[in-house]
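Chemist: Got a structure for you, written out below as structure tokens; questions coming shortly.
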Amino acid sequence: MVASSRPRSIVLTGGKGYLGGLIAASLLRDDTVGIVALVRPGVALAAFIEPIRAELEAQGGRFEAEYLDRIRLVELPPVEAFASLDKVVRESGADEIVHCAGCLDYFDRAALETVNIALTRALLEQSRRWGLRRFVYLSTAFSSGYIDGPVREVLHDEAANDPTDYTRTKRLAERLVAASGIPFLIIRPSIVIGDSRDGHYSGKRYGLYQLWSGIERLLCREWHPEIHALGARQPVVLVHQDAFQNAFLAAFRLLPDDSIFNLVSARDSSPTMRQLWDLWMRDVLRPRATYYYDRMADIPLRKLNSRQRALLALASVNLEIASHPWQFETTTLGWLRQRGLHFLDATFESVAVCQRLFVDSSEPIQAFFDANRQQLADRSEAFDVDVPIGP
Amino acid sequence: MAHRTSPQGALTGRRPGGDDRDVRYFNLLSFIVSNAIAGEIMAVENYSEMVHLMLTTDSKIETVNQAKEECKHILLLSKLGRSLEFAVERQIVEPQWKNIRKHFSTAAGKGDLPACLIIQDLLTESMAIVLYKTLSAEVDTDPQTAAVASNILVDELEHLDIGVRRIKALLDEDPDRVQDALVWAHHRVMPELFGMISTSCHSLCDVLAVDCSSLALDSIRTDIETLKIQALERYIETLDVAGFSPTVTSPLIASMSAYEGMGRIAVGLNDASGGACCSPESAKGKRC
């Protein structure tokens, strides 16, 4: 069954976050639905709408006055007091929930369990009580954990190895959603990066931006004649935020109940980690030589300059995720494209747009250029290292 | 212009006697030195509690001497405050020190000597070295502060060497136990130590009667970012020297990426609210 009846209003969690904010912006601009936004105590309406306003303006639009009438901010109570939300949800006429709130702190297991699993479970129970028609859950493309073969658009079995507790808890939450008895839509975006058209971005220092921020902080304080990098020739599966917004809306409107949607760019056109590093070497760092490794375990960390070592260690989890040969089923994306979805795959060129804006707007990088202009190498050689260097 | 002190002793005017350092510098010293004294007090307590865990008489004596040297540092730092006429607090105010002390006591209570050594000799001493190295640069501070910091730095480097020697010996005996202790100690202590690389506080400024917002590290020609990177580099170097494998330490270092709360950044946006990481002024029209 294709969901054809439009909700009057939806409950939104995580609307103050990056992806939740993008979803809120899309729903306000491109839909007529009202939004009951469940937010942490202390979040004021002005603080909630400001990133949405900035995003809409960056995309050439504006925050219309009528949007304010469609947003209702409600403080998220403790789980045991969720019943206090009954009145506001019933009054709003909300009949769906879009659950974007999540914990992304890879290393805080307790918070991951609390937010990704316990909160989702509580919201599912509440959604049943409210009689909601559908539960839309924002998961991650990597919820399968490390598996051999393609990542199907089905619920995943237990993985032998997870990149982090984040992927494990998202997988468990997906199962809770699917087992709840409420019709559902699970959306699994991969690593979201800036807008494909101009590169603007307002998310956290996650994914590619964690690496870029790390390069800015650690490698741009002095010129490095040699750089060692994890640069596997695996495609890095990214999705531009504008593509994410378009795909979310199409999925929200068109997908049948109980769908699972891998929201990822085409593997064939995706840039490799090696290409992304090359771009930094060519445009910014300009060392005399770069040594590339396929696996973190191959890098002779103890022999490296301490800042390069710190960068590789700090970004190791995301670099290893990016270096895995992910292959995603994209049947649903194809189906949505056939029905008019405009989805621009992330490519080397489109990611370069994001990187260029990042570099151009970085004061530390501009200072690095000023301080090291004489040393930056005109020609940089790249070497593939198959085994650790030295004894 | 004559300087004057608030009732609690914090400076509110410019120094006499040709010292062109302004009040911001001495307020910053007041804040940093008071925090350093708190760390030294904690170190005295930690070393004292660790004595009975040491296995030989020689190592017990060595540990008592370490505690004694930390006492000496408290006296030196207090004297520096009196000499330069800035207020110092001689008790632990900031909760991070209390938390580290609590974790140490938990380890000591379990008889976990590796965890105790890692917390005090490696983690805390590494951070102390970064602090005293920063203060010992006379060109950035002043002759008296630099001299005191240099003296203390010598001791702290020696304490680190002692810790490295002890940890290496334990690693040779039982690497799994020591690596487990590192993981346990890292996740409890490093967030607290890195949380203190800041010019904001819980209540120390109130106690010192210092205006929190007036504290800026440019008074000693550095910044938070530089200190954090130096601390990270020193920590990695310490773990390497102690003999821990990168396969053990890399995930620990990766976890430190979360210490700053992974604030949002704004690249190419006119977000008047700024990211979580910066002020609206610095966010306007660019990245923060």
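The values are calculated or read from the model by the stated rules, or taken from the named source; none is laboratory data. Predicted, not measured: the structure shown is a model, and the values here were computed from it. As a convention, Cβ positions derive from the backbone with ideal geometry for all residues, glycine included, and neighbour counts pool all protein chains shown. To get the accessible areas, we keep the full protein, side chains included, count just its heavy atoms, and leave off ligands, DNA and RNA. Shrake-Rupley method; radii C 1.70, N 1.55, O 1.52, S 1.80 Å.
Chemist: Mind checking which residues of region B:82-128 are in contact (Cβ under 8 Å) with a residue 40 or more places away in the chain, more than 18 Å from the chain's Cα centre (by Cα), within 24 Å of B:ASP206 (Cβ to Cβ) and surrounded by fewer than 23 Cβ atoms within 10 Å (Cβ to Cβ)?
Modeler: Passing the criteria: B:LEU84, B:GLU85.
Chemist: Here's something else I'd like to know. If you take the residues in region A:150-187 that are under 14 Å from A:THR120 (Cβ atoms) and among the basic types (Lys, Arg), which one is most open to solvent (accessible area, probe 1.4 Å)?
Modeler: A:ARG175
Chemist: Step by step: first the residues of region A:133-149, then only those that are over 17 Å from the mean Cα position of the chain (by Cα) and in contact (Cβ under 8 Å) with a residue 60 or more places away in the chain, then the one that is least open to solvent (accessible area, probe 1.4 Å). Which residue is that? Break it down into steps so the answer makes sense when it comes.
Modeler: Keep residues of region A:133-149 that are over 17 Å from the mean Cα position of the chain (by Cα), which gives A:133-135, A:146-149.
Checking which are in contact (Cβ under 8 Å) with a residue 60 or more places away in the chain leaves us with A:133-134, A:146, A:149.
Numbers: A:ARG133: 62, A:ARG134: 1, A:TYR146: 51, A:GLY149: 36 Å².
It comes out as A:ARG134.
Chemist: Exactly one condition in (1) surrounded by 14 or more Cβ atoms within 10 Å (Cβ to Cβ); (2) away from chain A (no Cβ under 13 Å); (3) at pLDDT below 90 is false for B:LYS228; which is it?
Modeler: It fails just one condition, (2).
Chemist: Then there is this: Here are the criteria: (1) away from every other protein chain (no Cβ under 11 Å); (2) of a type outside the set (D, E, K, R); (3) in a loop (DSSP other than H, G, I, E, B); (4) in contact with a Leu (Cβ under 6 Å, 6 or more places away or on another chain). Tell me which single one A:GLY181 does not satisfy.
Modeler: (4)
Chemist: Restricting to region A:117-132, give me the number of residues that are free of Cβ contacts under 8 Å to residues at least 40 places away in the same chain and part of a loop (DSSP other than H, G, I, E, B).
Modeler: Final tally of qualifying residues: 1.
Chemist: Yes or no: region B:71-79 includes at least one residue that is closer than 23 Å to B:LEU182 by Cα and touching a residue at least 60 places away in the same chain (Cβ under 8 Å).
Modeler: Within region B:71-79, not a single residue is closer than 23 Å to B:LEU182 by Cα and touching a residue at least 60 places away in the same chain (Cβ under 8 Å).
Chemist: Give just the number: which of (1) more than 20 Å from B:ALA115 (Cα to Cα); (2) modelled with pLDDT of 80 or more; (3) crowded, with 19+ Cβ neighbours inside 10 Å does B:LEU215 not satisfy?
Modeler: Going through the list (1) more than 20 Å from B:ALA115 (Cα to Cα); (2) modelled with pLDDT of 80 or more; (3) crowded, with 19+ Cβ neighbours inside 10 Å, B:LEU215 breaks only (2).
Chemist: Which of the residues belonging to region A:184-223 are at the interface with another protein chain (Cβ under 7 Å from one of its Cβ atoms) and at positive phi?
Modeler: Of everything in region A:184-223, just one residue is at the interface with another protein chain (Cβ under 7 Å from one of its Cβ atoms) and at positive phi, namely A:GLY199.
Chemist: Report whether or not B:ARG166 is basic (Lys, Arg), open to solvent by less than 50 Å² (accessible area, probe 1.4 Å) and modelled with pLDDT of 90 or more.
Modeler: Yes: the conditions hold for B:ARG166.
Chemist: Continuing with this model, one more query. Does any residue of region A:338-356 turn out to be open to solvent by less than 50 Å² (accessible area, probe 1.4 Å), more than 18 Å from A:ALA229 (Cβ to Cβ) and within 14 Å of chain B (Cβ to nearest Cβ)?
Modeler: yes
Chemist: Output the residues belonging to region A:300-317 that are of a type in the set (D, E, K, R) and touching a residue at least 60 places away in the same chain (Cβ under 8 Å).
Modeler: A:LYS303, A:ARG307
Chemist: Oh, and also: Hey, any hits in region B:149-166 for a residue that's part of a helix (DSSP H, G or I) and in contact with a Cys (Cβ under 9 Å, 6 or more places away or on another chain)?
Modeler: no
For every residue, the table says whether it meets (1) in contact with a helix residue (DSSP H, G or I) (Cβ under 7 Å, 6 or more places away or on another chain); (2) open to solvent by less than 70 Å² (accessible area, probe 1.4 Å); (3) in a helix (DSSP H, G or I).
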residue: A:GLY20; (1), (2), (3): no, yes, yes
residue: A:LEU27; (1), (2), (3): no, yes, yes
residue: A:ALA37; (1), (2), (3): yes, yes, no
residue: A:LEU56; (1), (2), (3): yes, yes, yes
residue: A:LEU73; (1), (2), (3): yes, yes, no
residue: A:PRO77; (1), (2), (3): yes, yes, no
residue: A:ALA81; (1), (2), (3): no, yes, yes
residue: A:VAL89; (1), (2), (3): yes, yes, yes
residue: A:GLY102; (1), (2), (3): yes, yes, no
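Chemist: Give the residue, chosen from B:THR199, B:THR222, B:THR247, that is outside any helix (DSSP H, G or I), open to solvent by 30 Å² or more (accessible area, probe 1.4 Å) and modelled with pLDDT under 90.
Modeler: When all the criteria are applied, what remains is B:THR199.
Chemist: Another question about this same structure. Taking the stated definitions as given, is B:VAL183 hydrophobic (A, V, I, L, M, F, W, C) and under 23 Å from B:ASP58 (Cα atoms)?
Modeler: No; evaluated as a whole, the condition is false for this residue.
Chemist: Hey, another quick one. So how many residues does region A:115-129 have that are more than 17 Å from A:ARG40 (Cα to Cα) and either more than 19 Å from the chain's Cα centre (by Cα) or surrounded by fewer than 17 Cβ atoms within 10 Å (Cβ to Cβ) (or both)?
Modeler: The initial filter retains those residues of region A:115-129 that are more than 17 Å from A:ARG40 (Cα to Cα), namely A:117, A:121, A:124-129.
Okay, now just the ones that are also either more than 19 Å from the chain's Cα centre (by Cα) or surrounded by fewer than 17 Cβ atoms within 10 Å (Cβ to Cβ) (or both), so A:121, A:124-129.
The qualifying residues number 7.
Chemist: Within the set of pairs 6+ apart or on separate chains, which have a first residue in region A:76-88 that is more than 15 Å from A:LEU12 (Cα to Cα), a second that is in a helix (DSSP H, G or I) and modelled with pLDDT of 95 or more, and C-beta atoms under 6 Å apart?
Modeler: Partner pairs satisfying both residue conditions: A:VAL79/A:ALA122.
Chemist: If I ask for residues that are out of contact with any Asp or Glu (no Cβ under 9 Å at 6 or more places or on another chain) and either surrounded by 20 or more Cβ atoms within 10 Å (Cβ to Cβ) or part of a strand (DSSP E or B) (or both), which ones from region A:219-231 would you list?
Modeler: A:LEU219, A:CYS220, A:HIS224, A:GLU226, A:ILE227, A:HIS228, A:ALA229
Chemist: When you go through (1) of a type in the set (D, E, K, R); (2) out of contact with any Asp or Glu (no Cβ under 8 Å at 6 or more places or on another chain); (3) exposed (fewer than 15 other Cβ atoms within 10 Å of the Cβ) one by one for A:LYS16, which number turns out not to apply?
Modeler: Every condition holds for A:LYS16 apart from (3).
Chemist: Across region A:63-114, what is the number of residues that are within 14 Å of another protein chain (Cβ to nearest Cβ) and closer than 19 Å to A:ALA47 by Cβ?
Modeler: 1
Chemist: Can you work out which of the residues in region A:265-310 that are at the interface with another protein chain (Cβ under 10 Å from one of its Cβ atoms) and under 16 Å from A:TRP212 (Cβ atoms) is surrounded by the most Cβ atoms within 10 Å (Cβ to Cβ)?
Modeler: So, considering only residues that are at the interface with another protein chain (Cβ under 10 Å from one of its Cβ atoms) and under 16 Å from A:TRP212 (Cβ atoms), the one surrounded by the most Cβ atoms within 10 Å (Cβ to Cβ) is A:ALA310.
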